[in-house]
1. What ³J(HN,Hα) values, in whole Hz, does the Karplus curve 6.51 cos²θ - 1.76 cosθ + 1.60 give for region 11-19 when θ = phi - 60°, with x put for Gly and Pro?
2. Normalised by the number of residues in the chain, what is the relative contact order in percent for Cα pairs under 8 Å and 6+ residues apart?
3. Straight-line reach from Lys7: which lysines have a Cα under 21 Å away, not including same-chain ones fewer than 8 places off?
4. In the neighborhood of Leu59, defined by Cβ-to-Cβ distances under 9 Å, what is the net charge if each Lys or Arg adds +1 and each Asp or Glu adds -1?
5. Under the 0.36 nm per residue contour assumption, what length would be gained going from the current alpha-carbon distance of Asn38 and Lys7 to full extension?
6. Report the Stokes-Einstein translational diffusion coefficient (µm² s⁻¹, integer) for the chain, Rh taken as the Kirkwood radius over Cα pairs, at 4 °C with viscosity 1.567 mPa s.
7. Tabulate in residue order the Karplus-calculated ³J(HN,Hα) for region 32-39, using 6.51 cos²θ - 1.76 cosθ + 1.60 with θ = phi - 60°, rounded to whole Hz; enter x for Gly and Pro.
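What follows draws every value from the coordinates through simple rules; no lab data is involved. In this text the structure is predicted, and so the values were computed from the model without any measurement. In this analysis, Cβ positions are derived from the backbone assuming ideal geometry, glycine residues included, and neighbour counts consider all displayed protein chains.
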Amino acid sequence: MGRHHEKLLNHLEGIRKATKLTQQDLSECAGVSRKSINAIENGVYIPSAVLALKIARTLNCSVEDIFQLPD
């Protein structure tokens, strides 16, 4: 399971690794820094809707596959 921010659960790291992409690869496709991807994976930063959609498109999955609201 991924790391979590108190307001958002995320599975980005696991999905990214399953697709064999590095943080750098994903950052280049999404148009952000590698540090931004790292911060999202570690639950430090919540991405904008636009960035979440870019990430999901790059990983060929839905935003809801990556990010979820806690129960």
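1. Result, ordered by residue: 10, 4, 4, x, 5, 4, 5, 5, 8 Hz.
2. Numbers: 89 pairs, mean separation 28.6, N = 71.
Relative contact order, the chain: 40 percent.
3. Filter leaves Lys35, Lys54.
4. Numbers: positive: Arg16, Arg57; negative: Asp65.
Net charge in that neighbourhood comes out at +1.
5. Details: separation 31, 0.36 × 31 = 11.16 nm, distance 1.75 nm.
Going from the current span to full extension adds 9.4 nm.
6. 111
7. Rounded to whole hertz, the list is 10, 7, 4, 5, 5, 4, 4, 5.
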